[in-house]
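Every number in this text was worked out from the coordinates using simple rules, so none of it is lab data. Predicted model only: the values in this text are computed from it and were never measured. In this analysis, Cβ positions are derived from the backbone assuming ideal geometry, glycine residues included, and neighbour counts consider all displayed protein chains.
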């Protein structure tokens, strides 16, 4: 096991993937609990599709992919929250619109420029080869920022998640913190989607926290357990993918599914006792 | 000087007035019950009192040293809270957030305050239990403890006995009454349970898209409106 791991570390591209992967898994699992409990589970999916369109456009324009995708996703996240507040189009409908709309724009852009090739497959299902050195630097800085902001605003994020009405009434600026959550989510999604792929990134957000919620009885332990699970599943997934030569993103998600079922069974057994 | 004063307040949603001519004040130590049927404008007025919605006309003033953020609020429970993994301690502690300002973490005083609130409501034993595993009545006590953590002056309760069985309802009313009398906490409660309100409150505000009645409970029972509603409910 250890020797396999050391062998993996001898490939620079795998080291890059490991660094970014661990950090993004951490960010996603922290935000995940809040998003799941606030009924925003689909926001990750919506944003990753927007991110796909943005990446395709960036390639078409020969611009740096991240610097285009991050601002576009942040704007999309704010828009999604805005739409959720107004009642004409409901949140889930808005997310569905955004998902398919952005995907269509992305596919059109790709087919008009480079044509449908393996690049598209990489966008969709992720590739650990996609990380360049500058991507890694940017990813490390941004995920460190996400982690720091999350820790600093942990208590406020908890209050806004548990009871928005109470928080607003006692003078907590709920709009601001909802925007902070959207902002952090957008950044995390963009950072993770190159590796996990557009179609799989939201699993990084929802699986660890849902798994942790099977057994945890406190918010703080839920967060900590989901962070551990997220990193653990990522490392297991990437190792299996290395050994069996299967796509990394899918491997990580399959690990997540297995762990989820184990925890669900533990929960059932506990309820019986 | 009154804690809360409403001067000829009206509320409107997108130009349509839903509540008009509300004119009352709440003095320290009062126990005011806001009653009325569904859609009478109770929740709207509540949002106004909490400064979550601006009145379209008139003004809502806070006085006697009460800051806008010093209102202890017991909101109706949301669906998300039913499967929320949080301990009682975490929930109650979040009531201290408004006193923290920009400080990111809680202090020793905050934690002491939580302990005091839990003791006051007799739920110290629930401290480490998970919120979603509690009964409806226990959950209401926890949210009440959280509200007490944010203020010692004014409590605003939004339909607090909805979903509670008769025994828990009686117990909850008794708890509120003791907070009002012994801790001198001013209480404003929104309720559709008019008979319960009449038994508990010192003042009644009856809404029906406008102010139908405001005065002491004794005056309310003697009024035509009060006789009709209290008597009518007793009859059925």
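Compared with the dominant principal axis of the Cα atoms in chain B, helix B:108-120 is inclined by about 60°. When peptides A:177-189, A:253-265 are sorted by average Cβ neighbour count within 10 Å, with the highest value leading, the order is A:177-189, A:253-265.
Suppose only helical runs count, i.e. DSSP H with n ≥ 4. What mean residue ellipticity at 222 nm does that imply for chain A under -39500 (n - 2.57) per run, divided by all residues and rounded to the nearest 500 deg cm²/dmol? Value at 222 nm, helices only, nearest 500: -28500 deg cm²/dmol.
Size descriptor for region A:2-272, Kirkwood hydrodynamic radius: 19.0 Å (Cα pairs only, one decimal). When peptides B:165-173, A:36-44 are ranked by their average number of other Cβ atoms within 10 Å per residue, the highest-first order is A:36-44, B:165-173.
Here is how the number arises for chain B: DSSP H runs of 4 or more residues each give -39500 (n - 2.57), the sum is divided by the residue count, and the result at 222 nm is -10500 deg cm²/dmol.
Both radii were evaluated on the Cα set of region A:1-75; the Rg over Rh quotient, with Rh as the Kirkwood radius, amounts to 1.10. Peptide B:128-139 has a mean of 1 when you count, residue by residue, the C-beta atoms of other protein chains within 10 Å of its C-beta.
One way to sum up the overall shape of region B:63-115 is the equivalent ellipsoid from its Cα gyration tensor, whose semi-axes run 22, 17, 10 Å, largest first. Averaged over peptide B:70-77, the number of partner chain Cβ atoms lying within 10 Å of each residue's Cβ comes to 3.
Rg and Dmax, both from the Cα atoms of the protein assembly as shown and both in Å, are 26.7, 88. All Cα-Cα distances of region A:105-222, cut into 10 Å bins from zero to the largest, leave 11, 30, 32, 18, 8, 1 percent in each bin in turn.
Peptide B:79-87 has a mean of 6 when you count, residue by residue, the C-beta atoms of other protein chains within 10 Å of its C-beta. When the Cα gyration tensor is reduced to axis lengths a ≥ b ≥ c, the ratio a/c is 1.5 or higher for chain B, and with a/b above b/c it is classed as prolate. Cα-based values for region B:10-109, radius of gyration first and Dmax second, are 16.8, 48 Å. Taking the longest Cα principal axis of chain B as reference, the axis of helix B:136-150 is set at about 90 degrees. Note on region B:18-38 and region A:1-59: Cα centroid distance 52 Å, given to the nearest whole angstrom. Against the main long axis of the alpha-carbon atoms of chain B, helix B:166-182 sits at an angle near 90°. Each residue of region A:1-128 gets 129 Å³ once the volume of the Cα convex hull is shared out per residue. Relative contact order of chain A: 31 percent, from C-alpha pairs under 8 Å at least 6 residues apart in sequence.
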